[in-house]
Amino acid sequence: MKVGLSADQELLVGTTRKYLQDSVPSDVLRGLRNRPEGYESDYWTTGAELGWAALLVAEEHGGGSVSGEGLRDLALVAYEFGRQASPGPLLGTNIVAGALSRADGAAFESELEQLVSGTAVGAWAYAEPVPHGGLGEVAASAVESDGQWVLSGDKVAVEHAAQATYLLVTARTGDGLTQLLVPTDTPGVTITPQRTIDVSRRYARVALRDVRLPATALVGVAGAAAADVELQLQAALVIQTAEMVGAMDRAFELTLGWLTDRYSFGRPLASYQALKHRVADQKLWLETSHALADAAAVAVQSGDPRAGELVSVAKSYLAEYGPELLQDCVQLHGGIGVTYEHDLHLYLRRVVIGSALLGTAREHRLRITTLLEARKGARKVEA
């Protein structure tokens, strides 16, 4: 994320960083704590004008990216979001827009135009209230009846569902997966906000009770959406891990500055051997996180067969060492690190909630094992 950027990517990064710094400095973020939506509508619309919501959408559908590699460009934007602990439906809107563009952009022309322009927000309703270890388990049902789809089930931790215009719901049809685009004002859809530790991100529980949708709501192929869902999960993890790395990077910056400027017994804190060892550990975790997040973005962008493994490697590592790094940063700051007035907690909150959503470290380690076993089995069959 730091090297090898083109001039256009440097411009995207610089423009995004300056806009975020000017629009949502830390004092503004604190003021968003009690706002139901978590961000200003004009803020997101302007961000969409900068291209934030168009990066996974094909040019023929009104999208486009600065480098021709939309997901990698989006990872750069997500990294800046993490560095600023910025609000906004970046992940959900891009996942929904990308899915619509890949499935049949012409059929969803109006919805894509709204999403790309920032006049509408998208949310991916994927996670369900299942026991621990249930990454990828889908119980919500989609049944075709008299030329319509009937959708039932529950979804949890749906990012910015209450602010969304459209939900992309992943459901089960028989033994396969089906995805449907659901306007949030459809009868039978109930959205209940959930409490979160993040001051500006909003999540909600979505109840679907016999929601009737026209045949045109189908995204992709009924009962055969597993590959699409996997690609969406990979893209979402690239966005999430890039954002987590950005937050870790900024927290480490703050901590290094504090240790250098703060004196104890006549010498900088950074001069003490014990603290040097802790900072060295943090730097190791941070640089490894950068490398893993970058590798995951490149793999998913290029369609690498190992992309599923690499995103899970990145997420499992960051989910373990991200909170560890942030907690250590808080300790090194001393008492001021646990105050609401200091910025450090903004990054701690963002990393901790990121480590829990879209699969925990344990869930992704189990997923890596499953993927490797499947690959090993495929090799034996070929042999």
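Observations on the structure shown:
- Of all residue pairs spaced 6 or more apart or on separate chains, those with beta-carbon atoms under 9 Å, a first member in the range 170-185 that is closer than 14 Å to GLU144 by Cβ and without any contact (Cβ under 8 Å) to a residue 40 or more places away in the chain and a second member that is in a loop (DSSP other than H, G, I, E, B) and open to solvent by 10 Å² or more (accessible area, probe 1.4 Å) are ALA171/VAL138; ALA171/ALA139; ARG172/VAL138; ARG172/ALA139; ARG172/GLY223.
- Residues in the range 301-320 that are in contact (Cβ under 8 Å) with a residue 24 or more places away in the chain and surrounded by 22 or more Cβ atoms within 10 Å (Cβ to Cβ): ALA307, GLY308, VAL311, SER312, ALA314, LYS315, SER316, LEU318, ALA319.
- Conditions (1) closer than 18 Å to TYR347 by Cβ; (2) surrounded by fewer than 16 Cβ atoms within 10 Å (Cβ to Cβ); (3) under 19 Å from the mean Cα position of the chain (by Cα); (4) acidic (Asp, Glu); number of the one not met by GLU287: (3)
- Residues that are within 11 Å of ALA251 (Cβ to Cβ) and either open to solvent by 40 Å² or more (accessible area, probe 1.4 Å) or outside any helix (DSSP H, G or I) (or both), drawn from the range 326-341: GLN327
- From the options ALA270, ALA207, ALA224, ALA215, residue that is surrounded by fewer than 19 Cβ atoms within 10 Å (Cβ to Cβ), free of Cβ contacts under 8 Å to residues at least 60 places away in the same chain and over 28 Å from the mean Cα position of the chain (by Cα): ALA270
- Residue within the range 141-156 that is closer than 20 Å to LEU56 by Cα, part of a strand (DSSP E or B) and without any contact (Cβ under 8 Å) to a residue 40 or more places away in the chain present: no
- Among residues of the range 28-66, those that are at pLDDT below 90, part of a loop (DSSP other than H, G, I, E, B) and open to solvent by 60 Å² or more (accessible area, probe 1.4 Å), counted: 5
- Verdict on ARG195 being closer than 29 Å to SER312 by Cβ, out of contact with any Ser or Thr (no Cβ under 9 Å at 6 or more places or on another chain), without any contact (Cβ under 8 Å) to a residue 40 or more places away in the chain and not polar (S, T, N, Q): yes
- Hey, LEU213 aliphatic (A, V, I, L, M) and closer than 30 Å to LEU348 by Cβ or not: no
- Restricting the range 155-179 to residues that are charged (D, E, K, R) and open to solvent by 40 Å² or more (accessible area, probe 1.4 Å), the residue that is farthest from ALA99 (Cα to Cα) is ASP175.
The values are calculated or read from the model by the stated rules, or taken from the named source; none is laboratory data. These numbers come from a predicted model, not from an experiment. All Cβ positions, glycine included, derive from the backbone under ideal geometry; neighbour counts span all protein chains shown. Accessible surface areas use protein heavy atoms only, side chains included; no ligands, DNA or RNA. Shrake-Rupley method; radii C 1.70, N 1.55, O 1.52, S 1.80 Å.
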